Amino acid sequence: MLSLSHGLTGAFIAAQLPSPILYGPLALASHYLEDWIPHWDVGTGLSTGKRTRLAAIFMGIIDLGIAFLAIKFFWGSPALANFHIWLGAFVGLLPDFLEAPKNFLHWEPKVLNPTNKFHEKFHHSIPSFIGIVPQLILWTVIFFLK
Ligand SMILES: [Zn+2]
């Protein structure tokens, strides 16, 4: 899914639980669960050559920027000082951060290979903007439950 979806989910989970010991594993698990849902994201089309790496990097940076602004918007300005909100968002995004060198630079440190292979098993992307719909539902639910 988009960084916006993973970041908001990780932040939301962290906002509900008192300790990184509780929200860390759940935020990480949420990433794999969300990627399992057929979706569209900035990496869709990279493996088939329908999207260039440069376009994906550009869109990925914009996606991360929107995620940052959305977290700030959802949890207010004091969230900038809330370490746990941002840590939850980071953990929610971690599998994509670890896979980024492989996807965008075609470079994968060997130590990351098992993690990335595990991540790929869950990933179901669809080459259509219909894949935004489950994420739109997710953003709405988080907005009203936060
Ligand atoms: Zn992912």
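Nothing in this text is a laboratory measurement; each read-out follows from the coordinates by a stated rule. Computed from a predicted structure; not experimentally measured. Neighbour counts are summed over all protein chains in view; Cβ atoms, including those assigned to glycine, are modelled from backbone coordinates with ideal geometry.
So how far apart, in nm, are the two label points at Ala55 and Phe122 if each is 7 Å from Cα heading toward Cβ?
2.8 nm
Where does each of Ser125, Ser5, Ser30 land when they are ranked from fewest to most other beta-carbon atoms within 10 angstrom?
Exposure proxy ranking, most exposed first: Ser125, Ser30, Ser5.
For the chain, would you read off the P(r) tail past 26 Å as a percentage of all alpha carbon pairs?
Across the chain, Cα pairs with separations above 26 Å total 21 percent.
Points 7 angstrom from Cα along the Cβ direction at Thr115 and Lys146: gap in nanometres?
Going from the Thr115 label point to the Lys146 one covers 2.7 nm.
Quickly estimate the mean residue ellipticity at 222 nm for the chain, helices only: each DSSP H run with n ≥ 4 gives -39500 (n - 2.57), and the total goes over all residues, rounded to 500.
Value at 222 nm, helices only, nearest 500: -23000 deg cm²/dmol.
What does the charge add up to near Ala70, with Lys and Arg as +1, Asp and Glu as -1, over the other residues with Cβ less than 14 Å from its Cβ?
The answer is +1.
Once amide H atoms are placed 1.01 Å from N in the peptide plane, what residues at a sequence separation of 5 or more from Ser125, or on another chain, have their amide H within under 5 Å of its amide H?
Here the answer is His39, since their amide H atoms fall under 5 Å of that of Ser125.
Net charge near His123: determine it from the other residues with C-beta under 14 Å of the C-beta of His123, scoring Lys and Arg +1 and Asp and Glu -1. Provide the component values of the computation, followed by the final result.
Working: positive: Lys102, Lys117, Lys121; negative: Glu34, Asp35, Asp41, Asp96, Glu99, Glu120.
Here the count lands on -3.
Suppose a student asked you for the relative contact order of the chain, using Cα pairs under 8 Å spaced at least 6 residues apart; what percent would you report?
Worked out over the chain, it gives 42 percent.
From the phi of every residue in the range 110-122, what ³J(HN,Hα) in whole Hz does the Karplus formula 6.51 cos²θ - 1.76 cosθ + 1.60 yield, where θ is phi - 60° and glycine or proline is x?
Ordered by residue, 3J(HN,Hα) equals 4, 4, 8, 4, x, 5, 5, 5, 4, 4, 4, 4, 8 Hz.
Work out from phi, with θ = phi - 60° and the Karplus expression 6.51 cos²θ - 1.76 cosθ + 1.60, the ³J(HN,Hα) of each residue of the range 91-97, listed in order in whole Hz, and give x for Gly and Pro.
5, x, 9, 3, x, 6, 4
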